[in-house]
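Everything on this sheet refers to the single structure shown next.
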C-alpha cells in the first residue's frame, strides 16, 4: 500500500483517471475548434450525434441518459439547437410533456459537415497510435464506465 492507502491498482487507476481528465478537456477544446465554424460546440455536436444514432425519436431525458449527462444541461443545449433551427420538438404519443427531439434537415446537414471535418483529423490523430493500443484503451474505458455506473451519487457502490 502507498502512503495514501491505495494499492498498486488503485495508484495506476488514479494515474489513468488524471490522464483521462486532461485528455477529456483537450478533446473538448479540440472538438470545439473543429466545429466552431458550423456554429457548434462539442456539447452541441455530441447531442446532435445522439439524436442521429438513436433508434427512434427520444425526449430530452432519454438523450441525457444515453449520454450519461445531466438532463437540465441537455435541455438547455437542445433548446439552443431548436432556436438555431437544428432540431424541432414533436409530440410524444406516450407522454404529453416529454416531447421528442427530432433533427431538422439543417441539423442533419450541420452534423454531416461536422463529421466531414472530423474524419480526416481523427484519422491523422490515430495515425501515430497502435490500433491494438487504441482497442485496449477503449476496453478499459468501457469497463471503467460500467463500474462507475454502478455507483450512486455519493460515490458508494449500489
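The values are calculated or read from the model by the stated rules, or taken from the named source; none is laboratory data. Since this is a predicted model, take the numbers as computed values, not measurements. Because the Cβ atoms are built from the backbone with ideal geometry, glycine has one as well, and the counts that use them run over all protein chains shown.
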Any chance region 118-127 includes a residue that's more than 26 Å from residue 44 (Cβ to Cβ), modelled with pLDDT under 95 and out of contact with any helix residue (DSSP H, G or I) (no Cβ under 8 Å at 6 or more places or on another chain)? no
message: Could you go through region 72-79 and let me know if any residue there is surrounded by 14 or more Cβ atoms within 10 Å (Cβ to Cβ), in a helix (DSSP H, G or I) and either at pLDDT below 95 or in contact with a strand residue (DSSP E or B) (Cβ under 6 Å, 6 or more places away or on another chain) (or both).
response: yes
Report yes if residue 88 is touching a residue at least 40 places away in the same chain (Cβ under 8 Å) and not in a helix (DSSP H, G or I), otherwise no. no
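Does residue 83 satisfy being over 18 Å from the mean Cα position of the chain (by Cα), at pLDDT 95 or above and either exposed (fewer than 15 other Cβ atoms within 10 Å of the Cβ) or within 26 Å of residue 145 (Cα to Cα) (or both)?
yes
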Requested in this report: With the condition kept exactly as written, say whether any residue in region 9-20 is in a helix (DSSP H, G or I), within 23 Å of residue 119 (Cβ to Cβ) and touching a residue at least 24 places away in the same chain (Cβ under 8 Å).
Outcome: no
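Can you spot a residue in region 94-111 that is in contact with a helix residue (DSSP H, G or I) (Cβ under 7 Å, 6 or more places away or on another chain), modelled with pLDDT under 95 and farther than 20 Å from residue 32 by Cα? Steps first, answer last, please.
Filtering region 94-111 for residues in contact with a helix residue (DSSP H, G or I) (Cβ under 7 Å, 6 or more places away or on another chain) gives 98, 101, 103, 107, 110-111.
Now narrow it down to the ones that are modelled with pLDDT under 95: 98.
Now restrict to residues that are farther than 20 Å from residue 32 by Cα: 98.
So far as region 94-111 goes, yes, one or more of its residues are in contact with a helix residue (DSSP H, G or I) (Cβ under 7 Å, 6 or more places away or on another chain), modelled with pLDDT under 95 and farther than 20 Å from residue 32 by Cα.
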Filter region 42-64 for residues that are crowded, with 16+ Cβ neighbours inside 10 Å and without any contact (Cβ under 8 Å) to a residue 12 or more places away in the chain; the one that is nearest to residue 99 (Cα to Cα) is 62
Only unsatisfied item for residue 110, checking (1) free of Cβ contacts under 8 Å to residues at least 12 places away in the same chain; (2) surrounded by 10 or more Cβ atoms within 10 Å (Cβ to Cβ), is (1)
